[in-house]
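Here's the structure we're looking at; comments come further down.
The values are calculated or read from the model by the stated rules, or taken from the named source; none is laboratory data. The structure presented is a predicted model; accordingly, all values stated were derived computationally and were not measured. Cβ sites come from the backbone with ideal geometry, for glycine too, and all protein chains shown count toward neighbours.
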């Protein structure tokens with residue numbers, strides 16, 4: 001299959017959000033996706049994404065990221081989602097998207113690239129280990145959703 005990797009544009013947001021929902025379904029967490037295309041447009045200055053597009057101009061994979069500052073190492077790139085539609089896996093699309101992420105990290109002089117993977121996603125863990133990633137099994141996520149942020153009180 002022929003595909004291209006390119007930077008996402010605002011016109012891609014609806015399809016990107018559909019893929020994000022596809023990822024959430026894969027992770028049995030669709031109810032946790034609260035983002036909308038309208039919100040993506042409002043917050044577009046924070047959103048960076050590469051897309052993999054097939055010969056029919058269909059988006060078949062995404063790699064979304066943002067920059068973050070980690071006090072231990074400095075400027076870093078956080079890979080939020082790396083997702084390829086199931087029917088397009090095994091065609092090196094994920095590898096090519098990941099290569100783009102690392103090109104950006106090098107260009108931007110990032111000191112770390114970080115992302116998360118579910119501990120049950122053994123195929124992804126295997127892929128990341130094959131790429132050379134260190135899998136940290138000690139850290140746990142701490143999250144507050146928008147409602148919890150509003151009612152936070154110590």
*asked:* Given the options 31, 38, 11, name the one that is more than 25 Å from residue 143 (Cα to Cα) and assigned to a helix (DSSP H, G or I).
replied: 11
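This table checks each residue for (1) at pLDDT 95 or above; (2) within 15 Å of residue 92 (Cα to Cα); (3) crowded, with 18+ Cβ neighbours inside 10 Å.
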residue	(1), (2), (3)
8	yes, no, yes
18	yes, no, no
31	yes, no, no
38	yes, no, no
44	yes, no, no
52	yes, yes, yes
61	yes, yes, yes
65	yes, no, yes
_Exclusive hit being modelled with pLDDT under 95 and either exposed (fewer than 13 other Cβ atoms within 10 Å of the Cβ) or within 18 Å of residue 26 (Cβ to Cβ) (or both), set 86, 81_ = 86
*Among the listed residues 50, 3, 67, 13, which satisfies the condition of being farther than 21 Å from residue 126 by Cα and in contact (Cβ under 8 Å) with a residue 60 or more places away in the chain?*
3
*asked:* Can you tell me how many residues within segment 129-154 are in contact with a helix residue (DSSP H, G or I) (Cβ under 9 Å, 6 or more places away or on another chain) and assigned to a helix (DSSP H, G or I)?
replied: 1
*Scan segment 134-154 and report the pairs whose first residue is modelled with pLDDT of 90 or more and whose second residue is part of a loop (DSSP other than H, G, I, E, B) and loosely packed, with under 10 Cβ neighbours inside 10 Å, with Cβ atoms within less than 8 Å and a gap of 6+ or a chain change.*
144/152
*Between residues in segment 80-107 that are over 14 Å from residue 64 (Cα atoms) and residues that are at pLDDT 95 or above and part of a helix (DSSP H, G or I), which pairs lie under 6 Å by C-beta distance while being six or more apart or on different chains?*
none
*asked:* Give me the residue from segment 108-133 that is surrounded by fewer than 10 Cβ atoms within 10 Å (Cβ to Cβ) and within 22 Å of residue 70 (Cα to Cα) and, out of that set, modelled with the highest pLDDT.
replied: 109
